[in-house]
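Q: Here it is, the structure in full.
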Amino acid sequence: MTRDTQSACIVMIEDDEGHARLIEKNIRRSGATNDIVSFSDVTSALAYLFGPDGSGQASMGRALLILLDLNLPDMTGMDILARLKTNPYTKRFPVVVLTTTDDRQEIQRCYDIGANVYVTKPVNYESFATAIRKLELLFSIMQIPEAVA
């Protein structure tokens, strides 16, 4: 069963508080009413996504869209992406990488691991805000699968 993104919960893993506020503000500005669950640390995000036992079964039946920063202090976003895409309960969730890194090899590696979209955060505030609003256009037409049972 697939759901549209209007019913999906957006999980944001972003350690920069300013970026997190800007992302949420511009998602809201575009008209999205989705729940947004924000994490500034990997430990809390992994507990939410994979549950206390780490199996991922906690996400069963959820429809999640994950916004993932790569440059995190306690674990790389690349490691989180790999963990999400190799777990049977979370592998179908769309993952949008939002990061300042524009290294071609890193971009390719993210897609190889299973990222669905890779967006380089512009340094300029207005460009960043515009990029997030454009991303919401993509979100509005995406279909989000539920986690497998």
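Q: Over the Cα atoms of segment 26-65, what Rg and Dmax result, in angstrom?
A: According to the Cα coordinates of segment 26-65, Rg and Dmax are 12.4, 37 Å.
Q: Compute the relative contact order of segment 4-126 as a whole-number percentage, counting only Cα pairs closer than 8 Å that sit 6 or more residues apart in sequence. Please report the intermediate quantities before stating the final value.
A: Working: 186 pairs, mean separation 28.2, N = 123.
Relative contact order here is 23 percent.
Q: Placing +1 at every Lys and Arg Cβ and -1 at every Asp and Glu Cβ, with all other atoms neutral, what dipole size does the chain have around its Cα centre, in debye to the nearest 20?
A: Computed about the Cα centre, the dipole is about 520 debye.
Q: So for each of 116-126, 18-28, 63-73 I average, over its residues, the number of other beta carbons within 10 Å; can you give me the resulting order with the highest mean first?
A: Output ranking for 116-126, 18-28, 63-73: 63-73, 18-28, 116-126.
Q: On a full-extension model of 0.36 nm per residue, what is the gain between Gln105 and Ser127, subtracting their alpha-carbon distance, rounded to one decimal in nm?
A: Extra length available between Gln105 and Ser127 comes to 5.6 nm.
Q: Would you list the P(r) distribution for segment 1-73, with all Cα-Cα distances sorted into 10 Å bins from 0 and each bin expressed as a whole %?
A: So the P(r) values, bin by bin, are 19, 48, 30, 3.
Q: Dipole of segment 10-61, Cα-centred, from +1 at each Lys and Arg C-beta and -1 at each Asp and Glu C-beta, to the nearest 20 debye?
A: Details: 4 positive and 8 negative charges, 66 e Å.
Here the size comes out at about 320 debye.
Q: Further, regarding this structure: Quick query: amide H of Met12 versus all other amide H atoms, modeled in the peptide plane; which residues come in under 5 Å with a sequence gap of 5 or more or a different chain?
A: The list, which skips near neighbours in sequence, is Val37, Ser38, Phe39, Leu67.
Q: Same structure again: Using the heavy atoms of the protein chains alone and a 1.4 angstrom probe, what is the accessible area of the chain per residue in square angstrom?
A: 49
Q: Also, quick follow-up: Not counting ligands, DNA or RNA, and with a 1.4 Å probe, what is Asp53's accessible surface area in Å² rounded to the nearest 10?
A: 110
Q: Given labels modelled 7 Å from the Cα in the Cβ direction, how far is it in nm from Asp41 to Lys25?
A: Simple spin-label model gives 2.6 nm for this pair.
Q: If you take every DSSP beta bridge whose two residues both sit in the chain, what share of them, in percent to the nearest 5, is antiparallel?
A: Values: 3 of 20 bridges.
Here the antiparallel bridges make up roughly 15 percent for the chain.
Q: Another question about this same structure. Work out the charge dipole of the chain with +1 on the Cβ of Lys and Arg and -1 on the Cβ of Asp and Glu about the Cα centre, then indicate which of Ile27, Ile80, Ala45 is farthest towards its positive end.
A: Ile27
Q: Working from the alpha-carbon coordinates of segment 44-131, get Rg over Rh, Rh being the Kirkwood radius.
A: So for segment 44-131, dividing Rg by the Kirkwood Rh gives 0.99.
The values are calculated or read from the model by the stated rules, or taken from the named source; none is laboratory data. Keep in mind that what you see is a predicted model, and the values were worked out from it rather than measured. As a convention, Cβ positions derive from the backbone with ideal geometry for all residues, glycine included, and neighbour counts pool all protein chains shown. Surface accessibility is based on the protein's heavy atoms, side chains included, excluding ligands, DNA and RNA. Shrake-Rupley method; radii C 1.70, N 1.55, O 1.52, S 1.80 Å.
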